[in-house]
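Input: a single structure, listed below in structure tokens.
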There are 2 protein chains.
Amino acid sequence: MTVAQVAKSKPSNTVNCADSETHLRPDGQDQYTISEVADFTGLSAHTLRWYERIGLMPHVDRSHTGQRRFSNKDLDWLAFVGKLRLTGMPVADMVTYAELVRAGDQTFAARQALLESTRVDVVNRIAELQDTLTVLDHKISTYACAHRAPERTA
Amino acid sequence: MTVAQVAKSKPSNTVNCADSETHLRPDGQDQYTISEVADFTGLSAHTLRWYERIGLMPHVDRSHTGQRRFSNKDLDWLAFVGKLRLTGMPVADMVTYAELVRAGDQTFAARQALLESTRVDVVNRIAELQDTLTVLDHKISTYACAHRAPERTA
DNA sequence: CGCTTGCTTCGAGCGCACTCGAAGGTCTTA
DNA sequence: TAAGACCTTCGAGTGCGCTCGAAGCAAGCG
């Protein structure tokens, strides 16, 4: 509830080192309907509403008639969530992270820990994939060989 | 049906270049019950039967009483399937590959193509993950910064 | 004013990859 | 020969991540 406001009151320095987020979108006006966001992110409107319902999005602003108005901050968040999704992190864990964010600054350490463990997962996954790649290449090369030596099928 | 026999009649040269498959298991006796295979692979007996049902396994030999007797070749296949699974390939696609294998030598080209396209997927996925890793590291470093500069919360 | 478009909520449905349970046959060991 | 483990098949159930449909409100246009 207040989270959105708080977020808005801090243009770009939620953290304050080498921060380069909140790239304003072309029109730069920080107000997007759900279908605009759907187009932009590739997620369906249904999915966006679902994300909010399950707590994977901070509560999105509403227009005076109750329609969602997404901000650039929301888009940034969605982009980040998209990255987490790529890591294969379960939605439930992303929700946990989102809850930490909503809980405020005192959860920095917990969030960092969560991201670090995710990082480890990603690194492992990459190693796994690279290993798989080796197997794949080996297999592919055997097919290539079979091509070159088509004799002795019997 | 005949597939199993054919497979067995070719000790280790299905393809014939630098072939180093079929590492005999400790007891080396080429006959495993479903629960042994389950232990070995980490898959459940249910899943193994399911793999066979959907055509992801060549039909497994049976004992005179109808119980499954897995061969080393089957274990090799399962290991390979495990790798494919790691790539995120849908089971349906693996079944397609399995069908190609069962169809015989004239599908070498198709199989090679399938593996090569999988290879591309894996490479892309790795790139994606590496990209994600960058984002993650950036985010983690901002948390680290926030720790070092705890002032200016207001 | 009525119509279309697009939003709202809620709850049900879907596809995937298993996962499990039931009912029954078989193998081994006492 | 009887108990208990372990196998068989078949079909139903589960959990996840969406995905969709229905019913209804609101804005904007001719």
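Results, tabulated for the structure shown:
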read-out	value
Amide H partners (placed H, <5 Å) of B:R69, local residues excluded	B:D61, B:R62, B:S63
Only Lys, Arg (+1) and Asp, Glu (-1) charged, at Cβ; the stretch A:29-140 dipole about Cα centre in debye	260
Surrounding net charge for A:E116, when Lys and Arg each add one and Asp and Glu each subtract one, Cβ distance under 13 Å	+1
Table column - 3J(HN,Hα) (Hz), the stretch B:65-70, Karplus curve with 6.51, -1.76, 1.60, x for Gly and Pro	9, x, 7, 5, 10, 7
Inter-copy separations for A:H64, label at 7 Å along Cα-Cβ, nm, ascending	8.9
Residue-by-residue Karplus 3J(HN,Hα) for the stretch B:43-58, coefficients 6.51, -1.76, 1.60, Hz, glycine and proline x	7, 7, 4, 4, 5, 4, 5, 4, 4, 5, 4, 7, x, 7, 10, x
Percent accessible area from carbon and sulfur atoms, the stretch B:28-135, protein chains only, probe 1.4 Å	52
Axis-nearest residue in chain A [Cβ, rotation onto B], distance in whole Å	A:I126, 3
Shielding by partners, peptide B:67-80 (average Cβ within 10 angstrom, other chains)	0
Exam field: A:H46 pseudo-label spacings to other copies (7 Å along Cα-Cβ), nanometres	2.8
At 7 Å out from Cα toward Cβ: B:T33 inter-copy label distances (nm, ascending)	6.5
Peptide B:108-118 - average C-beta neighbours from other chains (10 Å radius)	4
Paramagnetic reach from A:D121 (point 7 Å along Cα→Cβ, amide N under 12 Å) across the stretch A:72-86	A:84-86
A versus B: buried accessible surface, summed, Å² (probe 1.4 Å, to nearest 100)	4700
Contour excess over end-to-end distance, with Cα ends at A:C145 and A:L86 and 0.36 nm allotted per residue	17.7 nm
Furthest towards positive pole of dipole, B:V101, B:A127, B:V60, structure part the stretch B:31-154, Cβ charges	B:V60
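The values are calculated or read from the model by the stated rules, or taken from the named source; none is laboratory data. Remember, predicted model here, so these are calculated numbers, not experimental data. Neighbour counts are summed over all protein chains in view; Cβ atoms, including those assigned to glycine, are modelled from backbone coordinates with ideal geometry. Heavy atoms of the whole protein, side chains included, go into the accessibility calculation; ligands, DNA and RNA do not. Shrake-Rupley method; radii C 1.70, N 1.55, O 1.52, S 1.80 Å.
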